[in-house]
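Structure first, then comments.
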Amino acid sequence: MEKQFGFYLMDIDEFANWLAAEHVSRVINLIQNHHTFLPDYTHFTGSNHFARLKSMRDYHMVNNGWSNIAQTLTTFPDGKVAVCRPFNDVPVGIKGHNSKGICIEHFGNFDLGKDQMLPAHRNTILKLNALLCRKFNLAVDAEHIVYHHWYDLNNGLRLNGKGSTKSCPGTAFFGGNKVEDAEAGFIPLIKKEMLVLGAQTPAPDVVVEVKPATAEIGIVTATSLNVRKGPGTAFAIAASLSAGANVNIYESVNGWLRISDKSEWLSERYVIKARKARVTAESLNIRSGPASGFSTLGSLAKDTSVLVYETRNGWSRIDINEKWVSSQYLS
Ligand SMILES: [Zn+2]
């Protein structure tokens, strides 16, 4: 690890060790992926990491009036990673979505026809996202791993690329900057890295067969819920999750849910199960009950992500409370 101007520079394996030892008290639930756009690959010499970081920080402080460099982390074309800002500091990444965010700037311009991402850079970007998801117990999906492009620059709303946007992290970033592109070309590769990381950790108490998550997710209802290394209270505690945390469900065994490709389990008693879906109609009415005769409570725009908690006679309940939509307009 090298240090200069207050930045720490390391390769991705050194970063994995650094992150494992880092205590982060801020709640993190959003991993933001950005590209720097400028500087791009033509500004990287292979040895000027610190000079480039310093000039980014100077620009952010002098021109933008910020207290520090915007991003938590920077990745470089040669695969190196820099810690730029303390993890407990809120970064300046996506309007309205920074308090629980980690902002990663990938050095380069990944718009179509611009920089060709180098293999070492690509490898680090994937591994870095996987390490952060593991550290902060985040499901590897487009709710937790996000692109700047999906958020409106003026109001901060997640409009999935509609509205006023930047192309960031680039129209050619892992095959494109849309939600569908991330789900097809980025998220699955991070999931693969999670499996590699899982295999590298010390042997778990229970050996589990690696199989993909089911389409179901779980939402923690207890104030604090222990994650255990096996399906029972006799197993050691590996971590804890707070109320509202979302987890992927891999399997259910005797009232316990496995929530990762490793042996990590939650008691089913304190988890509400739901299935992810997306609105396919241009505008979908929300009703107070499971039939068209119930009053309208509002509407959802096309491509909005929802959780389905229950289905009844072709209607889906999309909230803990009585909020229903017609199932035929959900993907
Ligand atoms: Zn950005």
Give the number of residues within region 43-68 that are touching an Asp or Glu at 6+ places or on another chain (Cβ under 8 Å), among the polar types (S, T, N, Q) and modelled with pLDDT of 95 or more. 0
Please find, within region 92-109, the residue that is surrounded by the most Cβ atoms within 10 Å (Cβ to Cβ) out of those that are of a type outside the set (A, V, I, L, M) and within 11 Å of the ligand (Cβ to nearest atom). H106
Which one is farthest from the ligand (Cβ to nearest atom) among residues in region 42-74 that are in contact with a Phe, Trp or Tyr (Cβ under 7 Å, 6 or more places away or on another chain) and among the hydrophobic types (A, V, I, L, M, F, W, C)? F50
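Considering only residues that are part of a loop (DSSP other than H, G, I, E, B) and either within 16 Å of the ligand (Cβ to nearest atom) or within 20 Å of R57 (Cβ to Cβ) (or both), which ones fall in region 1-41? Lay out the reasoning, then the answer.
The first filter runs over region 1-41 and keeps only residues part of a loop (DSSP other than H, G, I, E, B), leaving 1, 5-6, 11, 22-29, 36-40.
Result: M1, F5, G6, T36, F37, L38, P39, D40.
The values are calculated or read from the model by the stated rules, or taken from the named source; none is laboratory data. Predicted, not measured: the structure shown is a model, and the values here were computed from it. Here Cβ is always computed from backbone atoms with ideal geometry, including for glycine, and neighbour counts include all displayed protein chains.
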